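The values are calculated or read from the model by the stated rules, or taken from the named source; none is laboratory data. Note that the structure is predicted; figures quoted are calculated from it, not measured. Heads up, the Cβs are rebuilt from the backbone with ideal geometry, glycines too, and the neighbour counts pull from every protein chain shown.
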Amino acid sequence: MIPDLNSKDFEQLEALLSTPKKIVITTHHKPDGDAMGSAMALYNFLIQKQHQVEVITSSDYPSFLHWLKNNEIVSIFHKNPSKSINSISAADLIFCLDYNQLSRTEALAEHIGKSTADKVLIDHHLEPDSFCNINFSFVNSCATCEVLYHILSKLDDKCIDQYIAECLYTGIITDTGSFRFDSTTSDTHIVAARLLEKGVSTASVHERIYDDFSEERTRFLGYCIQNKLVVLPDFKTAFISVTLEEQEKFNNKTGDTEGIVNYALSIAGVVMAVLFTEHKNMIKMSFRSKGVFSVRDLASVHFNGGGHRNAAGGRSHDSLNETIDRFKSVLPEYKEEINKN
């Protein structure tokens, strides 16, 4: 469904951007392809309009996204907190991309919240909090980059060059699993076609994102599948768990666990898959599902999480084994719903 941009919000955004502004673009913590794709697409668009723009993330992000045009300008908060705080404080306009709760920016949340700048939300997650005065929240869109394409196209389609199109395409393919998730719609393919017309090479983008892993990461993937995969046939569920020690053994970098959960979901008969990843202060969980079963509901009720019906995240402050045991303990209450698939 194409987002309806005939709104006061769009008119207000258009008016704000009619003269040069100091602009800060923000994303959620540990930004993924959609977050960084939308951030860099917007950055490359706005600098053409003579705005003073800075992209600030609260954390690092996968190296397979570093090829995005002008990636070198991104400020990572913990590397220079005072610079980022000053930029947010001085901003006329702050874009909040690919997150529906201010808390998802972690270290940036307090400073964005204090800012008197106009704030613009561009997102596709359910139930956004009210922390922006201009909102483009379209939950039926497959990715924030899909929403952003329509906004940029309406603002000035001629400014969408090959580099911006590559950024937008990156967000769309990573959030749709290369167009295989249920979130993919006819509009998704229409937008993808428009981006190809702008000069995107599908083979080149896919190679940079999916065919650029280190040998260590590839061996780590093999280790996870061979040694850590657990299948629970009675609940059509599979999961993989990874300890801190195992991550250190394979010299894991940011992004090295991304996509591993999909290998568990690819097993015939599996409807839900989970990746449990141990961190210093918590266990992070990546949920995936097929069909009508909502991992978002399970994650939000039991693991302080949220997301989409077929792709969600959660977290636990119990130990890894305790978290896995708790996950197993709640499966019986979802058995009937899982079996609907």
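Consider only pairs whose beta carbons are under 7 Å apart and that are at least six residues apart or on different chains; among these, list those whose first residue lies in segment 79-105 and is farther than 21 Å from Gly33 by Cα and whose second residue is assigned to a loop (DSSP other than H, G, I, E, B) and basic (Lys, Arg).
Asp92/Lys21; Leu93/Lys21
For Lys119, work out the one condition from (1) at positive phi; (2) in contact with a Cys (Cβ under 7 Å, 6 or more places away or on another chain) it doesn't fulfil.
Result: Lys119 fails condition (1) only.
Looking at Asn227, is it at pLDDT below 95 and assigned by TED's automatic domain parsing to the domain that holds Ser294?
Answer is no for this residue.
Restricting attention to segment 208-225, which residues are among the acidic types (Asp, Glu) and either in a loop (DSSP other than H, G, I, E, B) or free of Cβ contacts under 8 Å to residues at least 24 places away in the same chain (or both)?
Within segment 208-225, Asp211, Asp212, Glu215 qualify.
Assuming Leu195 fulfils every condition listed in (1) touching a Phe, Trp or Tyr at 6+ places or on another chain (Cβ under 8 Å); (2) buried (at least 16 other Cβ atoms within 10 Å of the Cβ); (3) not assigned by TED's automatic domain parsing to the domain that holds Val147 apart from one, which condition is it?
Looking at each condition in turn, Leu195 falls short on (3).
Answer yes or no: is there a residue in segment 235-244 that is over 22 Å from Ala311 (Cβ atoms) and touching a Leu at 6+ places or on another chain (Cβ under 7 Å).
Checking segment 235-244: at least one residue is over 22 Å from Ala311 (Cβ atoms) and touching a Leu at 6+ places or on another chain (Cβ under 7 Å).
Hey, which of the helices (runs of 4 or more DSSP H) in segment 68-180, taking only ones fully inside, have at least 1 residues that are at pLDDT 95 or above and closer than 22 Å to Val191 by Cα?
144-156, 162-175
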